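K.L.:
The structure follows.
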Amino acid sequence: MATAKIIVFDPDKCKGCLECEKACSKVLNKNDKGGEYSAIRIHETEAGYEMTNCNMCGLCIDMCPVQALKRLNNGTVTLDKNVCIGCQACVGFCPRGVMRKAPDIISPFKCIACGACVRACPEEALELKEVELDELEETVYAYLGVCE
């Protein structure tokens, strides 16, 4: 069975320091700004903190007109910036809103499950976990209301 690595978030441990976002933006966009430059986002809610991040579903792959999005053997969906034309079709299509676009960067980006955010979190609120691909797809389809 095919598997993929995902980032799992424990909201009870998160203190909202955003070190995970900064680490992510260093890897993906060569800055430590976090926020719009990070694939992982931490939001404060009335109930505490929550995270939005790509769970590697791969529904965006078929939307790319130049096939810049591909699933690697380890299950991770990646974007080849050398092939990407910056059309943002994947960003507009993403059902979870986790394909990202920074204001001054042409290519979109997403989580590549590198674990930089996990290593940067001082509260150990993040974990890199391997799950079955079918499980991820079911979760996304359920979120979209396609199945239970």
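K.L.:
Scan the range 38-67 and report the pairs whose first residue is of a type in the set (Lys, Arg) and whose second residue is buried (at least 19 other Cβ atoms within 10 Å of the Cβ), with Cβ atoms within less than 8 Å and a gap of 6+ or a chain change.
P.N.:
41/21; 41/51; 41/53
K.L.:
In addition: Can you tell me which residue within the range 29-55, out of those that are of a type outside the set (D, E, K, R) and assigned to a strand (DSSP E or B), is farthest from residue 107 (Cα to Cα)?
P.N.:
Filtering the range 29-55 for residues that are of a type outside the set (D, E, K, R) and assigned to a strand (DSSP E or B), the one farthest from residue 107 (Cα to Cα) comes out as 48.
K.L.:
Now, a different point. Is the range 110-129 home to any residue that is surrounded by 13 or more Cβ atoms within 10 Å (Cβ to Cβ), more than 22 Å from residue 9 (Cα to Cα), at pLDDT 90 or above and out of contact with any helix residue (DSSP H, G or I) (no Cβ under 7 Å at 6 or more places or on another chain)?
P.N.:
The answer is no; no qualifying residue exists.
K.L.:
Filter the range 102-125 down to residues that are β-branched (Val, Ile, Thr) and part of a loop (DSSP other than H, G, I, E, B) and give me whichever is nearest to the chain's Cα centre (by Cα).
P.N.:
For the range 102-125, the residue satisfying everything is 112.
K.L.:
I would also like to ask the following. Kindly check whether there is at least one residue in the range 94-101 that is outside any helix (DSSP H, G or I) and in contact with a helix residue (DSSP H, G or I) (Cβ under 6 Å, 6 or more places away or on another chain).
P.N.:
yes
K.L.:
When residue 7 is evaluated against the numbered criteria (1) within 23 Å of residue 133 (Cα to Cα); (2) part of a helix (DSSP H, G or I), which criterion, by number, is the only one it fails?
P.N.:
(2)
K.L.:
Related question: I'd like the residue in the range 62-77 that is loosely packed, with under 15 Cβ neighbours inside 10 Å and not in a loop (DSSP other than H, G, I, E, B) and, out of all such residues, is modelled with the highest pLDDT.
P.N.:
Among those that are loosely packed, with under 15 Cβ neighbours inside 10 Å and not in a loop (DSSP other than H, G, I, E, B), it is 70.
K.L.:
Looking only at residues in the range 39-61 that are of a type outside the set (A, V, I, L, M, F, W, C) and under 22 Å from residue 27 (Cα atoms), which one is surrounded by the most Cβ atoms within 10 Å (Cβ to Cβ)?
P.N.:
53
The values are calculated or read from the model by the stated rules, or taken from the named source; none is laboratory data. This one's a predicted model, so the numbers in the text were calculated from it and none came from an experiment. Quick reminder, even Gly has a Cβ in these numbers, built from the backbone with ideal geometry, and neighbours come from all protein chains shown.
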